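Asks: Mind looking over this structure? Questions follow.
The values are calculated or read from the model by the stated rules, or taken from the named source; none is laboratory data. Every value quoted in this text rests on a predicted model; they were computed, and no experiment measured them. Glycine also receives a Cβ, built like all others from the backbone with ideal geometry; neighbour counts cover every protein chain displayed.
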Amino acid sequence: MDFWASLEHKIHYKFDGDVPDRLIDELTEAADASDQLDRRRMEQLHSEVREGAPDIDSGEEFDEEALRVLWDLGRREG
């Protein structure tokens with residue numbers, strides 16, 4: 001995801017490598033949400049497109065809070 005590279009560059013430039021703990025915590029939360037999206041949702045979609053049938057029960061629920069974090073982060077960047 002291009003926004004990660006862009007954001008990382010901005011953060012290191014702005015804070016000269018000394019990133020505040022609050023930002024590190026928020027970025028870690030966003031990274032976890034992105035990972036969850038990639039591993040669960042995107043893999044499910046990939047499987048559905050490849051096989052032509054939805055994977056109805058992957059055995060894992062997608063965390064709606066993770067999706068909200070990604071949505072908020074994307075809106076801040078836009």
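Asks: For the range 5-31, name all the residues that are in a helix (DSSP H, G or I), at pLDDT 85 or above and either of a type in the set (D, E, K, R) or surrounded by fewer than 10 Cβ atoms within 10 Å (Cβ to Cβ) (or both).
Replies: Of everything in the range 5-31, those that are in a helix (DSSP H, G or I), at pLDDT 85 or above and either of a type in the set (D, E, K, R) or surrounded by fewer than 10 Cβ atoms within 10 Å (Cβ to Cβ) (or both) turn out to be 10, 13, 14, 21, 22, 25, 26, 29.
Asks: Tell me the residue from 57, 63, 2 that is modelled with pLDDT under 70 and surrounded by 14 or more Cβ atoms within 10 Å (Cβ to Cβ), please. Show your work before the answer.
Replies: Working: 57 fails: surrounded by 14 or more Cβ atoms within 10 Å (Cβ to Cβ); 2 fails: surrounded by 14 or more Cβ atoms within 10 Å (Cβ to Cβ).
Exactly one of 57, 63, 2 is modelled with pLDDT under 70 and surrounded by 14 or more Cβ atoms within 10 Å (Cβ to Cβ), namely 63.
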